[in-house]
Structure formats: structure tokens, C-alpha cells
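> This structure is in C-alpha cells; I'll ask about it shortly.
FYI, it's all coordinate maths here, none of it is from the lab. Values in this document were obtained by computation on a predicted structure and should not be read as measured data. Cβ coordinates were reconstructed from backbone atoms using ideal geometry, including for glycine residues, and neighbour counts include every protein chain displayed.
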Amino acid sequence: MPGTALRQWAPMSLWYASYGSNLDHDRFAVYLRGGRAAGATRDSPGCRDRTPPDQERLLHMPGGLRFAWRSQTWGGGVAFYDPDADREVLARAYRITVGQLSDLTAQEMWRQPGRDLDLAEVLQTGRQSIGPGHYETLHRVGTIDGSPVPTFTAPEPTDLSLNAPAPAYLRTMLRGLLQGHELDVAAAADYLTSWPGAEGWGAAEVGALLTGTDNPLANGPAR
């Protein structure tokens, strides 16, 4: 029975795959502890369990990205995972609990955290809709050490109207990419501007968003 399988597994950890602003360690930490991310315009309440992830891994996920919609937090388009695109997405997986993933999903939809999701469907079939919202369709994109790797996106990402991301959002993604994907600023900027919705941005413009301590590479090797 699906519920039985989940009860046996929870509250063991899983690996949440981030591909947008949560690539950045500091931005993801705000979702866990609460507060306001740099460049954002709204506060996050944080998770019930504010324990930081004890491990993380860099991933290359099959699929693509699209910058679309208009985020009230960032003031422009945001990244959506397109599992059907014939490319590869650079991601970071954080090892967190089922409860933390549930609270993270709630915050993405501006709901108050507090209810654990039943993830049986996504664990068994690879896809699960938990609602009609922009980040309420879960996909299992792989496994790490025998544990599932879910991420979330829109129900039909290609149906969303493309919209260029705001500078603060791109800066946050850029920082996250430089925190371990072995890219320099130019390569990371090329990656970001290669996706649908980012056509209004040039790679040089994106690279110029990082100055001084904003650049993870300015203080030595990335973590």
C-alpha cells in the first residue's frame, strides 16, 4: 500500500533537487530558518525543522529550464524545470527530511508550513501533483545512495508565458552555480542566458551582476 511504504520511510531523509534560486546556499537557508533572502521582497516563515542539510550533491538532471510567470518575491520571471526538454540542467541536491520538503513546497506557494505531504505517488511513479500551483508538481529525477531525489515545477511548464528574470534572481542563481559546479562567471552566465525566457539578457550583463563579495570565486575555491 502506498501509505504504508511512506510511513516506513518517513521521516528518513531524501534529496531535494534545486535548480533555481535555491542553488544558492544562503537563499536555501532562508527557506529553512525563515527571513528574507538577499534581493527578495518578501519574507519566508521557515520550516518547522530548521536543521541545515547534512549533505549536498551536485547533479546534472535530464531536461531543461524556462524562465516564466512573474514572481512577487523577485519581480520577474523565475525558473521552471521542464522534464521533457532534450538538454541537461545543473542542480544541487540537499539532503533534508520529508517534513522539510513539505514545508519548502508550502512556502513556494505562500502557504503556512505545517502539514507533511504524502509522497507515495512520486516515489512510486516518478510524478505527483499536489495542487494546481506553479510549484506543485513533483518529479523524481533520480536516486542518491538509495534515497529518492524529488524536485518540483509547474504542471505544464511549456504552457507558462515566458518572462525575463529580474537581476536579483539571476544574481542568486549565478552565485549558486559558482558554489561548486566548476564554472567560471562567463560559463555560468552563458548557461543562464541559454534558456527560453532569458533572451533579453546578455551573458556579459549577467556576469556583471556579481561584484566583490557577491562572487563565490573571489575568496578562493568554491565549496
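> Using the eigenvalues of the Cα gyration tensor, what equivalent ellipsoid semi-axes result for segment 102-223 when each is taken as the square root of five times the eigenvalue, whole Å, largest first?
Values: eigenvalues 185, 68, 40 Å².
Result for segment 102-223: semi-axes of 30, 18, 14 Å.
> While we're here: Neighbour counts of other C-beta atoms within 10 Å: give me Met61, Met12, Met109, Met173 arranged from fewest to most. Walk me through the numbers on the way to the answer.
Numbers: Met61 21, Met12 9, Met109 14, Met173 29.
So the ranking, lowest neighbour count to highest, is Met12, Met109, Met61, Met173.
> Any idea what angle helix 167-178 forms with the longest principal axis of the chain, computed on alpha-carbon atoms, 0 to 90 degrees, nearest 10?
Tilt of helix 167-178: around 80 degrees.
> FRET efficiency for Thr211 and Asp190, Cβ-Cβ distance as r, R0 = 22 Å, nearest 0.05? All intermediate terms of the calculation are to be shown ahead of the outcome.
Numbers: r = 19 Å, r/R0 = 0.86.
For R0 = 22 Å, the calculated efficiency reads 0.70.
> Tell me the mean residue ellipticity at 222 nm calculated for the chain from its helices only (DSSP H runs of n ≥ 4, each -39500 (n - 2.57), averaged over every residue, nearest 500). Spell out each step's value before the answer.
Details: 7 runs with 60 residues, N = 223.
The helix contribution divided over the chain gives -7500 deg cm²/dmol.
> Another question, if that's okay. To two decimal places, what compactness ratio does segment 60-136 give when its Cα radius of gyration is scaled by 2.2 N^0.38 Å? Walk me through the intermediate numbers first.
Working: Rg = 13.6 Å, N = 77, 2.2 N^0.38 = 11.5 Å.
Cα-based Rg divided by the globular estimate yields 1.19.
> Defining a contact as two alpha carbons under 8 Å apart and six or more residues distant in sequence, what relative contact order in percent does segment 18-92 show? Present the calculation step by step, with values, prior to reporting the outcome.
Working: 125 pairs, mean separation 23.3, N = 75.
Taking the mean separation of contacting Cα pairs over the length of segment 18-92, I get 31 percent.
> Related question: Quickly rank 66-76, 90-100 as a protection proxy: mean count of other C-beta atoms within 10 Å, highest first.
Ranking the peptides 66-76, 90-100 by packing returns 90-100, 66-76.
> Next question, about the same structure. What is the chain's relative contact order, in percent, from Cα pairs under 8 angstrom and six or more apart in sequence? Could the numbers behind the result be given before it?
Numbers: 468 pairs, mean separation 50.6, N = 223.
RCO, the chain: 23 percent.
> I need the phi-derived Karplus couplings for segment 32-39: 6.51 cos²θ - 1.76 cosθ + 1.60, θ = phi - 60°, integer Hz, Gly and Pro marked x.
7, 9, x, x, 10, 6, 4, x
> Now for a separate question. For the chain, what number results from the quotient of the Cα radius of gyration and 2.2 N^0.38 Å? Please report the intermediate quantities before stating the final value.
Details: Rg = 16.6 Å, N = 223, 2.2 N^0.38 = 17.2 Å.
Against the empirical 2.2 N^0.38 Å value, I get 0.97 for the chain.
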